[in-house]
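The values are calculated or read from the model by the stated rules, or taken from the named source; none is laboratory data. Everything numeric in this text was worked out from a predicted model, so none of it was measured. Note: ideal-geometry Cβ built from the backbone for every residue, glycine included; neighbour counts use all protein chains shown.
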Amino acid sequence: MTRLAAVSSPSSSPPAAWQLDDVVRQLRNVRDKHNRDHLAERGVHELPSPDAIARIVENLRASLFPVHFGLPELTDQSVDYYVGHTLDGTLRSLSEQIRRCLVLPGSSNEAV
């Protein structure tokens, strides 16, 4: 079993490998482009569902900490299946919520 790197305290800065500045900048660029391209269509695009976002966060928490937040009947034999199954459905839901509010360049859902 591999050892996880020591987790820093919540108040410390994130590791440089996460490149959060780049991620935030790229997300802002996508939002800005989307807003410019769809200025005339305000109010027409779909919004992410608050209920779906709440379920996504709950499922991510359950996937990360299945013993504490997963199903009560999980066993050593079923926990990996549960985590994989939960992550698969959660990532599909997250993708759908992102699709609802952002049309990314080159995607099959690109605005006409």
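Tabulated results
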{"item": "Positions within the range 1-37 being over 19 Å from the mean Cα position of the chain (by Cα), modelled with pLDDT of 75 or more and among the basic types (Lys, Arg), in sequence order", "result": "Lys33, Arg36"}
{"item": "Test result for Leu71, of a type in the set (A, V, I, L, M) and at pLDDT 95 or above", "result": "no"}
{"item": "Exclusive hit being within 30 Å of Arg31 (Cβ to Cβ), part of a loop (DSSP other than H, G, I, E, B) and not aromatic (Phe, Trp, Tyr), set Leu71, Leu60, Leu87, Leu47", "result": "Leu47"}
{"item": "Breaking point among (1) at pLDDT below 95; (2) under 28 Å from Leu27 (Cα atoms); (3) β-branched (Val, Ile, Thr); (4) in contact with a Leu (Cβ under 8 Å, 6 or more places away or on another chain), for Ile98", "result": "(4)"}
